[in-house]
Each structure stands twice: as structure tokens, then as C-alpha cells.
Amino acid sequence: MDTVRAASLLRMPLKSTRPFRLLFVEDSDQLRETMAILLEADGREVVTTATAEEALALHTADPFDLVVTDLTLGAMSGVDLARAVLARDPAGWVVLASGYAIDPGLRALGRNVRVLAKPFTSAAIEAVVGEAGGAT
């Protein structure tokens, strides 16, 4: 290998071996389990939980690249979770999903906040995952 080629290889960025981490928050057991299966992909780690409180604890301990949350959960709502995630990382990626009418003003929570109406297609969620950097 010549010196010029060796030098250019040394300047090449190393591809990260860290998986894209996605946290899916949903109080419906069936939907949570189904989405975990649908979102599985090489280079992606999918973690699910039923409550915003547990999601916030998981995200605080080891932040996720994308948080997808239902709006209506238990004591702590998906909007409350989004605000807490974005308070820690204003550039964080959050998807707010609901089967009820969604206030389009929720996008104003942050530049990387997206809103999805349920039921959403696998293509719709994959588009957001790709936008957040988790394309496979």
C-alpha cells in the first residue's frame, strides 16, 4: 500500500459499532410487543416499556437516540415524558403517537419532535426512524 493511500485511510471516520437505540413507550401490551418485533433490525436496539416514568428512568440512565411514546399513558403523559427528554437534550428525537386527535402544536416542543396518528403504518414509523438516524 502506498503512503498516500495509507494516509487517506487513517483520516477515514470509523463507523460506529454502537446500535441505534430506540425506546418505545406504550401501555397496550399487544401493541408494545408487536411494535418491538416490527422495529427490530440489524444495528438497532429496541427497548419497550409501559410507563412514562420507567421510560424516563431508562432514558436518564442511558439515553436513547429516539423515544416513541403514546400520548395517553398513566400518571405521567407522553407529553410530560417528551418535555423531560427534551429538557435534558433539546436536540433529542421524540415521536408522539395517539389514536385520539393530536394537537399539531406539539411539534413546537422541539425541532426533532414528530407526531403520528394511530394507527400508523410501518412505513410511517420507519421514515421517522430513518430521519432520526436509525435507517437500516
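Restricting to the stretch 98-125, name every residue that is in a helix (DSSP H, G or I), touching a helix residue (DSSP H, G or I) at 6+ places or on another chain (Cβ under 8 Å) and not hydrophobic (A, V, I, L, M, F, W, C).
Across the stretch 98-125, the qualifying residue is only S122.
Search the stretch 36-52 for residues that are farther than 18 Å from D80 by Cα and pair each with any residue that is hydroxyl-bearing (S, T, Y) and buried (at least 17 other Cβ atoms within 10 Å of the Cβ) when their beta-carbon atoms are under 7 Å apart and the residues are at least 6 apart or on different chains.
A36/T48
Out of V85, V67, V94, which single residue is crowded, with 19+ Cβ neighbours inside 10 Å and either part of a helix (DSSP H, G or I) or at pLDDT below 95 (or both)?
V85
Restricting to the stretch 81-114, give me the number of residues that are within 21 Å of M35 (Cβ to Cβ) and in contact (Cβ under 8 Å) with a residue 24 or more places away in the chain. Before the answer, list the steps.
In the first step, residues of the stretch 81-114 are kept if they are within 21 Å of M35 (Cβ to Cβ); the result is 81-82, 85, 92-100, 102, 106, 112-114.
Now narrow it down to the ones that are in contact (Cβ under 8 Å) with a residue 24 or more places away in the chain: 81-82, 85, 92-98, 100, 102, 106, 113.
Number of matching residues: 14.
So, of the residues in the stretch 111-134 that are of a type in the set (D, E, K, R) and surrounded by 15 or more Cβ atoms within 10 Å (Cβ to Cβ), which turns out to be farthest from R21 (Cα to Cα)?
Across the stretch 111-134, the extreme among qualifying residues is R114.
The values are calculated or read from the model by the stated rules, or taken from the named source; none is laboratory data. Owing to the predicted nature of the structure, the values given are computational and were not obtained by experimental measurement. Cβ: placed from backbone, ideal geometry, glycine included. Neighbour counts: every protein chain shown.
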